[in-house]
Every structure is written in structure tokens, then in C-alpha cells.
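See structure below.
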Amino acid sequence: MKRSGAQDEIVRMARLTWCSLALAMSLIGLAGCGGDDDDDSSSGGSSGSSASPAETILTDAGLEVCSEQAEQIAQSTVGAGFQAVRSFAVAKDCAGSETSPNMIRVFQFSSRESVDAGAAALEKKYPRGVVLTSGALVIVATGPDSTSNADAVSKAYEDSTGEPVQTV
């Protein structure tokens, strides 16, 4: 069956949309959005635990997750293409505390263009934080140990995924 140029373009756009959707879903999984919330794991390591990929990378960075904070962030404050955020209170040793002045926030965006705009907006929102980007993710480290935590997370993320991380 012969297709017209317009039909070929529609098929090409549909394939591109499905590929983009598959990539976005895999990145959401990488960020740990919708990950396993099973808290009965006693292992802090990355093998055999039920930790999400985000929590595993934080552990690999030498950080303990004291708690995960629920944050509601309006898309208008971060920019178009913002999809999800996970926020973690972290420390080298939580010592049983569920709070920490150090936070790692992982923002998921729908495209590279929205990452660039979102990173700029997040840099303004967290002026004392360290803003990192990789793929469709923006990672923001805040708190008194933000620089060392960002360096450790950046290295662990690159080691784990092979994807480069850039400081904004």
C-alpha cells in the first residue's frame, strides 16, 4: 500500500512520540519515581535491597537517606515540562533522625529544553544550592554540605549510569 508524504510524516511522528515516551518512562524509573516503597529492607547496599534507583545512588554517594519529603511544586515555578520531584533529607549518618539540613531533590522533566529552563529556574529558587543536570533530570543539593553532597552524588550517578552530570 502506497502512502503519501503526509502519511509518512504522521507515521514518523508517531514513532518519535513513542520513542520519546519510552525514554521518559525509563528516566522516571531511573529517578525512582514510582519506585518500590517497601520499607522492610534492612540492607543499605545496592544489591538485594528494595531501594529505588535514586536511593541506591544516594547510598553509593556515601549518604544515608534520613527521610523522603513530600513536596508539592507548581509547574509554573519550575517551568513547562516539569513532571515530578523526589526530595530526600540526607546525611553521612542520620543517627536515627528523620531530619537533616541537607536535602537532595531530583526533578524530572519531559525534554532537554525543559531541563535547561527548569535548571535556570531552580538555580533562582535555590540560590545557595548546587544545581546539576543529566538527561531529563535536574538534581539540586541544598544545605551546609551541598557542595560535597553534590560532588558525591554526581560521581555516584555517573558511575552508576555512565551518563555525564553537569553543574549549572
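The values are calculated or read from the model by the stated rules, or taken from the named source; none is laboratory data. Only a predicted model underlies this, so the values are computations on that prediction, with no experimental measurement involved. No Cβ is skipped: glycine too gets one built from the backbone with ideal geometry, and neighbour counts run over all protein chains shown.
Summary of computed values
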item	result
The stretch 79-103, residues that are crowded, with 16+ Cβ neighbours inside 10 Å, more than 19 Å from the chain's Cα centre (by Cα) and under 18 Å from A51 (Cα atoms)	C94
Output for the stretch 105-128, where each listed residue is within 11 Å of T167 (Cα to Cα) and not acidic (D, E)	A119
In the stretch 123-168, the residues that are among the hydrophobic types (A, V, I, L, M, F, W, C) and free of Cβ contacts under 8 Å to residues at least 40 places away in the same chain	V130, V131, L132, V138, I139, V140, A141, A150, V165
Single residue of T59, T17, T99, T77 found to be modelled with pLDDT under 50 and of a type outside the set (G, A, S)	T17
Options V140, V106, V131: the member that is over 15 Å from L63 (Cβ atoms) and at pLDDT 95 or above	V131
Scan of the stretch 108-122 for residues that are touching a helix residue (DSSP H, G or I) at 6+ places or on another chain (Cβ under 6 Å) and without any contact (Cβ under 8 Å) to a residue 60 or more places away in the chain, ordered by number	F109, G118, A121
Residue in the stretch 68-78 that is nearest to A121 (Cα to Cα), counting only those that are surrounded by 14 or more Cβ atoms within 10 Å (Cβ to Cβ) and of a type in the set (A, V, I, L, M, F, W, C)	V78
Cβ-Cβ under 7 Å pairs, at least 6 apart or on other chains, the stretch 83-103 side on the phi > 0 side of the Ramachandran plot, far side at pLDDT below 95 and loosely packed, with under 12 Cβ neighbours inside 10 Å	none
Residue among V131, V153, V106 that alone is touching a strand residue (DSSP E or B) at 6+ places or on another chain (Cβ under 7 Å), assigned to a helix (DSSP H, G or I) and surrounded by 14 or more Cβ atoms within 10 Å (Cβ to Cβ)	V153
